[in-house]
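Everything on this sheet refers to the single structure shown next.
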Amino acid sequence: MTATGLPRWLFVPAALGLLFVVVPLVSMLLTVDWTTFPSLVTSPASLDALVLSLRTSAAATILCILLGVPLAMVLARSSFRWISVIRGFVLLPLVLPPVVGGIALLYTFGRRGLIGEHLDALGIHIAFTTTAVVLAQTFVALPFLVTSLEGALRSAGSRYEDAAATLGARPTTVFRRITLPLVLPGLVSGSVLAFARALGEFGATLTFAGSLQGVTRTLPLEIYLQRETDPDAAVALSLVLILVAVVIVVAVYSRRKDRPL
């Protein structure tokens, strides 16, 4: 399908923007040593990092759904005075450097943190564990699910929910039988985007969870470490992460079919 009604000059900066994104990726693709690629991406350290990333990203996505769905509902369906302030706090991780988020989590759940010192007294340690990885990923990924789902809720409107309430349906029944099925595509898209963001998380994870092989060293951390000692391995692992990201993004936007999330 061709674009209509667009000034022709727009295609020039659009093409430059596309090249700005694509050329670096192609350049990296051309530098991959394909003869050693299988051995590089299947080394014990690489497999540990990949498996850990997939496990923690899946756990973080589940946590995002459990926390993000109610949060998106409140943001989309509430109109009280401070709702815009609450929305600003929810979206804050989108603009904060991830390292700052990691420091904030450390001072919250670390052994001397606001909550962590009480957990430590109970023998529960979170910082520099796999749990810390999940929390760091959730912190940076949660806004992606919330914004996607809130947009879907606003686009769907509340007329069906209002009609069900008028007929005597309880709020929980309306939420379960009407609201969730209505915004399910938005929830799926938001969940996939949250998974992708969690999979690529680096700064908050390094600051809050550290880098212990098989425990907290995710794939982005492994890439960073390999960059110093084995650039070929870093490039190979980066390609794996890019391929996963491409599959995720294409899956999300093919489901959208030009509809807003």
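The values are calculated or read from the model by the stated rules, or taken from the named source; none is laboratory data. What you see is a predicted model; the values in this text were computed from it and never measured. Here the Cβ is made from the backbone with ideal geometry for all residues, glycine too, and neighbour counts use every protein chain on show. These accessible areas exclude ligands, DNA and RNA; they are computed on the full protein's heavy atoms, side chains included. Shrake-Rupley method; radii C 1.70, N 1.55, O 1.52, S 1.80 Å.
Per-structure values
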{"quantity": "Subset of the range 144-161 (residues that are among the small types (Gly, Ala, Ser) and either open to solvent by 50 Å² or more (accessible area, probe 1.4 Å) or free of Cβ contacts under 8 Å to residues at least 60 places away in the same chain (or both))", "calculated": "Ser155, Ala156, Gly157"}
{"quantity": "Verdict on Ile103 being assigned to a helix (DSSP H, G or I) and either open to solvent by 50 Å² or more (accessible area, probe 1.4 Å) or of a type outside the set (S, T, N, Q) (or both)", "calculated": "yes"}
{"quantity": "Listing of helices (runs of 4 or more DSSP H) fully contained in the range 181-245 that carry 3 or more residues being within 17 Å of the chain's Cα centre (by Cα) and either surrounded by fewer than 18 Cβ atoms within 10 Å (Cβ to Cβ) or among the polar types (S, T, N, Q) (or both)", "calculated": "184-199"}
{"quantity": "Positions within the range 147-159 being in a helix (DSSP H, G or I) and either under 10 Å from Gly186 (Cα atoms) or among the small types (Gly, Ala, Ser) (or both), in sequence order", "calculated": "Thr147, Ser148, Leu149, Glu150, Gly151, Ala152, Leu153, Ser155, Ala156"}
{"quantity": "Options Asp48, Asp33; residue that is more than 19 Å from Arg197 (Cβ to Cβ), touching a Gly at 6+ places or on another chain (Cβ under 8 Å) and either outside any helix (DSSP H, G or I) or not basic (Lys, Arg) (or both)", "calculated": "Asp48"}
{"quantity": "Where a residue in the range 192-209 is under 13 Å from Ile103 (Cα atoms) and its partner, wherever it lies, is open to solvent by 10 Å² or more (accessible area, probe 1.4 Å) and among the small types (Gly, Ala, Ser), with Cβ under 9 Å and at least six apart", "calculated": "Ala204/Ala104; Thr205/Ser211; Phe208/Ala104; Phe208/Ala127; Ala209/Ala127"}
{"quantity": "Set Ala141, Ala164, Ala132: member being among the aliphatic types (A, V, I, L, M), touching a Cys at 6+ places or on another chain (Cβ under 8 Å), open to solvent by less than 20 Å² (accessible area, probe 1.4 Å) and part of a helix (DSSP H, G or I)", "calculated": "Ala141"}
{"quantity": "Every residue from the range 106-128 that is out of contact with any helix residue (DSSP H, G or I) (no Cβ under 7 Å at 6 or more places or on another chain) and not in a helix (DSSP H, G or I)", "calculated": "Arg112, Leu122, Gly123, Ile124, His125"}
{"quantity": "Close pairs (6 angstrom Cβ cut-off, 6 or more residues apart or separate chains): within 17 Å of Gly210 (Cα to Cα) in the range 106-121, assigned to a helix (DSSP H, G or I) and acidic (Asp, Glu) anywhere", "calculated": "Arg111/Asp120"}
